[in-house]
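All of the numbers you see were taken from the coordinates with simple rules; none came from a lab. Quick caveat, the model's predicted, so the values are computed rather than measured. Neighbour counts run over all protein chains shown; Cβ positions are idealised from the backbone, glycine included.
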Amino acid sequence: MSVFQQHLASLVSSAFEKALASRTDDVQSLLPVNPQLQNSQHAHLQANAAMALAKRLKTNPRELANEVAATLGSETTFAKVEVAGPGFINLTLSDEFIGQQLGNLQTDEKLGVSATTSSTIVVDYSAPNVAKEMHVGHLRSTIIGDACVRLFEWQGHKVLRRNHIGDWGTPFGMLIEHLLDIGESQATEELSLGDLNTFYRAARQKFEADTSFQERARGRVVKLQSGDKETLRLWQLLIEQSQSYFVSVYKSMDVRLDGTEFYGESAYNDMLQPTLAELQEKGLIKASDGAECLYPDGFLNRDKQPLPLIVKKSDGGFGYAATDLAAIRNRINDLDADRILYVVGAPQKQHLDMVYEGARMAGWLKAPITAEHISFGSVLGTDGKMFKSRSGDTVKLAELLDEAIKRALAVIEEKNPDLSQQERLQVAESVGIGAVKYADLSSERTKDYVFDFEQMLALEGNTAPYLQYAHARIQSILRQADEAELGGQITPHHDSERALALQLLRFADVVREVTDTLLFHRLATWLYESASAYSSFYNNCPVLKAEDNETRRSRLALCQLTASALASGLGLLGIKAPDRM
Ligand code: ARG
């Protein structure tokens, strides 16, 4: 709860306690009183606790409510306290109290989000595969993961970013052989241009068509796993080229990934054997057809047979599941994680659930430590089918982002032809990338969402450009004021000022909710509601032409606070708020 909510809840609770004490000798059994504060159409808030409490005491709820209302009515916090219906207590906050609460936000760069004790949070996200084009699923993971990182870093937690790229395993046999076939310089060129699919597909095709190539590829896997120097050098080449391409995409996406957080599957190689040994020691490994398996409790296949996590394959190699077990062990035992987030698409739910259960059985994952699958749906095209390019290929991320920026540029050119060329390009980047991120984060994470350039770049509706424009408009008002007029006390007098103020005061509660659920669309909704509340304030209350200086200052300060709340909210989503648009 925000300080604001806490204050109100404790006022109402103590008023209830006082009223209860005069009715029973055993108040203790009724404590703590949950005031059941709710939003109301009739007032700023409604307290609904009277009905349930009166029932337990077998007393009249309306009388109880009246007594509570009388106590609350004498508080300066409230302008009006009224009882309605069977015992609803309608609370109207006083302008003085609202102004005071806003004052707390004005001096707090975290806008009322109180610093909690710092935890260590591991975020596993993005995770494309080496020598393979990033697809829109990786786009979602990157955007959502980045928002998680920003949200927790902003609150002062220790955040460990883990980019679990696919950089190990059998495909590298064929990839390295293909690299040798076309020569290092040609391979480097294709890969550094981000032409990953051409490279990957050519290797795949040969692997499928040519048995001698297949054999070479298999032999190469063995060499790779046994640590052959030359093979490792070639493998490293593939990794480096792909990584630098990924980093270039991250840079254009403006996410907090710069290459230092690559902990690919191969990073766990040295931990695989010890992980297996520990699982064996704990009696959790069973042999099955030559493979060493862990059977997590509660997972059955269609024939009701227990499902395995294959820790060591029958050919002696370790695979995806082994790596994830080693990784979770490392994150808990070595990194001291309190909370581990896996920002991975919905199809991997079962795999991850099995890994968590395995980690529980091994005794690594135990309360209060949590591992959470931050699942997300697919990206669909406007036709409602899986998002594909016109040729039916997977869409290249870099091209997608370029197109967003190009389209944003057209929007800005129309809206504000006065911006300098350079500023226009900068703003177009913020708007284009912002639009792509916001379209993702403003829709419910677990559902599929439709990727639609027109819709995401619209200046009306719940879009990034709308919010960015609202912010820029406020900034342009602030530019017309005197520096000395800014930052003063806010005292609301008009209903739309009060509504905007209360909306801003909810920020901390929304952030708390999003921190728990990682459902960022709730923050998006708050942003959209805030921009709408601002717009009705602006329509009803002249700012620069306010009736007197005091009102002008108060409104300018409210504008300022709104702008910083919008910028902070967008910032948590990884979206820039330019001052001009
Ligand atoms: N590289 C995988 C993919 O592209 C995602 C990895 C997710 N993270 C994990 N720890 N398994 O599907």
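Would you mind working out the magnitude of the charge dipole of segment 253-406 relative to its Cα centre, with +1 at each Lys and Arg C-beta and -1 at each Asp and Glu C-beta, to the nearest 20 Debye?
480 debye
In what sequence do 125, 469, 534, 320 fall when counting other Cβ within 10 Å, fewest first? Before the final figure, lay out each step's value.
On the way: 125 28, 469 22, 534 25, 320 16.
The fewest-first ordering by Cβ neighbours comes to 320, 469, 534, 125.
What FRET efficiency do you get for residue 31 and residue 114 if R0 is 22 Å and r is their Cβ-Cβ distance, rounded to the nearest 0.05?
0.35
May I have the convex hull volume per residue, in Å³, for the Cα set of segment 482-581? Could the numbers behind the result be given before it?
Values: hull volume 10.5 nm³, N = 100.
Enclosed volume per residue, from the Cα hull, is 105 Å³.
Please give the charge dipole size of segment 115-233, origin at the Cα centre, charges +1 on K and R Cβ atoms and -1 on D and E Cβ atoms. Round to the nearest 20 debye.
440 debye
Multiplying the sequence separation of residue 513 and residue 458 by 0.36 nm and subtracting their Cα-Cα distance, what value in nm do you get?
17.0 nm
Going 7 Å from the Cα of residue 51 along its beta-carbon direction, which residues of segment 73-103 have the amide nitrogen within less than 12 Å of the resulting point?
Only 84-89 pass the distance filter.
With +1 assigned to the C-beta of every Lys and Arg and -1 to the C-beta of every Asp and Glu, and no other charges, what is the dipole magnitude of the chain about the Cα centre in debye, to the nearest 20?
Here the size comes out at about 980 debye.
Length gain on complete extension for the stretch residue 92 to residue 184, per 0.36 nm per residue less the alpha carbon to alpha carbon distance?
25.8 nm
Identify, among 237, 268, 175, the residue whose Cα sits farthest towards the positive end of the charge dipole of segment 140-293, taking +1 on the Cβ of Lys and Arg and -1 on the Cβ of Asp and Glu, with the dipole about the Cα centre.
About the Cα centre, the residue reaching furthest to the positive side is 268.
Relative contact order, percent, of the chain when contacts are C-alpha pairs under 8 Å separated by at least 6 residues?
14 percent
Using a Förster radius of 41 Å, what is the FRET efficiency between residue 198 and residue 484 based on their Cβ-Cβ separation? Nearest 0.05, please.
The computed FRET efficiency comes out at 0.10.
Residues in segment 339-361 near a label at residue 256, defined as backbone nitrogen under 17 Å from the 7 Å Cα→Cβ point?
Residues 339-343 qualify, since their backbone N sits under 17 Å from the label point.
Under 19 Å from a label point 7 Å along Cα→Cβ of residue 444: give me every residue in segment 143-160 with its amide N that close.
Counting only backbone N, you get 144.
Students often get this wrong, so check it: of 132/437; 251/437; 18/110; 282/366; 415/576, which have C-alpha atoms separated by over 25 Å? The partial results should precede the final answer.
Numbers: 132/437 22 Å; 251/437 14 Å; 18/110 35 Å; 282/366 16 Å; 415/576 18 Å.
Checking Cα-Cα distances, 18/110 exceed 25 Å.
Any idea which of 148, 121, 165 is furthest toward the positive side of the dipole for segment 92-214, if Lys and Arg beta-carbons carry +1 and Asp and Glu beta-carbons -1?
So the residue we want is 121.
Considering only 111, 563, 386, whose Cα is most displaced toward the positive end of the charge dipole of the chain, charges sitting on Cβ of Lys, Arg (+1) and Asp, Glu (-1)?
386
In nm, what is the difference between 0.36 nm times the number of residues separating residue 232 and residue 320 and their Cα-Cα distance?
29.7 nm
Give me the distance in nm between label points sitting 7 Å out from Cα along the Cα-to-Cβ direction at residue 421 and residue 59, one decimal.
My value for the distance between the label points is 7.8 nm.
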